[in-house]
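The values are calculated or read from the model by the stated rules, or taken from the named source; none is laboratory data. The structure presented is a predicted model; accordingly, all values stated were derived computationally and were not measured. For neighbour counting, all protein chains shown are included, and Cβ atoms are generated from backbone atoms with ideal geometry for every residue, glycine included. Ligands, DNA and RNA are stripped out before the accessible areas are found, and what is left, the full protein with its side chains, is counted by its heavy atoms. Shrake-Rupley method; radii C 1.70, N 1.55, O 1.52, S 1.80 Å.
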Amino acid sequence: MDFPTPCPACGHANRVAFTESGVHDVTCAQCGARSCVFLRKQRFEVLFDLGTRALMDGYAREAVASFAAALERFFEFYVRAFALEQAANTDRDFSLVQGALDGTWRHVASQSERQLGMFALSYLLRQGREPDFLTPAGLGTDFRNRVIHRGALPTRAEVDAYAAAVFALMDRLLSELGPAAAHVELAQEQVFAAHLARLPANVTAVFEEHPGMFRARRFGGLAPAVKPARPEVAGGRSVNDAKAFQQALFQQALAERGALLRAFKGSRG
């Protein structure tokens, strides 16, 4: 999947494939100017937005795969935020801590269950309570496995419900992390700084933040929605119902970013 980025020299909208690092070296297809685009976005955010794009385009099964991957990468994000937050309260060098964290993660990088275990322990130590949402029902595990591993063809309504549940969980956990998320973003900025220092003088550095549903909440002034204490009717259903609340939350965020996401995927230059 790719995204459009305007050439800083001529304005031509080049299509650039996402990278895991967020660093994109670009040569303009129209004028040949060289630039480097630094995309301030975490991998779970990219994956969730790709799922949203697939859903908007009618690719329900592909959307499920992206949403499921986004949730797994978010659990990694949480573990990293917790570990770096703890290290920030000591006099240890940030780069050394980051290196140790990378080395530790390599031991579980290919094993989803172990990653989930690391997240569960991180949540317990940080929040002081059991992550009781880590159940098959809470994570939509059966639905995900039916679609991804057994080739089931989901309906749009099923994918909407799954996406809403994933979004509500990540939105809640991001709210609980609060400023701790900045530690992982600092790690990304260090990667950017190292690459920036190596750029030739004729390469223009461009820093971008693309429209994303989580970005709206964290940087756009849109506060996380709070489930009301008293039942209220929304769309004929009480938002006191968990699934109805998740759907309302997801639709609120989708409406906030939907127009920009449509432009984001539709611009072809």
### Query
Excluding ligands, DNA and RNA, what is the solvent-accessible area per residue of region 1-97 at a probe of 1.4 Å, expressed in Å²?
42
### Message
When a/c reaches 1.5 or more, the comparison of a/b and b/c decides; with that in mind, is region 13-75 rounded, prolate or oblate per its Cα gyration tensor?
### Response
oblate
### Task
Please work out whether region 115-170 counts as rounded, prolate or oblate from its C-alpha gyration tensor, where a ≥ b ≥ c are the square roots of the eigenvalues and a/c under 1.5 means rounded, while otherwise a/b larger than b/c means prolate and anything else oblate?
prolate
### Task
Can you bin region 1-142 into rounded, prolate or oblate? Criterion: square roots of the alpha carbon gyration tensor eigenvalues sorted a ≥ b ≥ c, rounded for a/c under 1.5, prolate for a/b above b/c, oblate for the rest.
oblate
### Query
How big is the charge dipole of region 50-97 about its Cα centre, in debye rounded to the nearest 20, if each Lys and Arg gets +1 on its Cβ and each Asp and Glu gets -1 on its Cβ?
140
### Message
Skipping prolines and chain starts, which residues have an amide H placed within reach, meaning under 5 Å, of the one on Cys7, given they are 5 or more residues away or on another chain?
### Response
His12, Ala13, Asn14
### Rounded accessible area per residue of region 137-176, 1.4 Å, Å²
46
### Message
How charged is the neighbourhood of Ala152? Take every other residue with its Cβ under 11 Å from the Cβ of Ala152, and add Lys/Arg as +1 and Asp/Glu as -1.
### Response
+2
### Query
Once the dipole of region 58-202 is set up with Lys and Arg at +1 and Asp and Glu at -1 on Cβ about the Cα centre, which of Phe67, Leu121, Leu199 lies farthest towards its positive end?
Phe67
#### Entry: Rounded FRET efficiency, nearest 0.05, which uses the C-beta distance separating Gln111 from Leu153 and R0 of 22 Å
0.15
### Summary
Taking protein heavy atoms only, a 1.4 Å probe, and rounding to whole percent, the accessible area of region 1-101 owed to carbon and sulfur comes out at 49
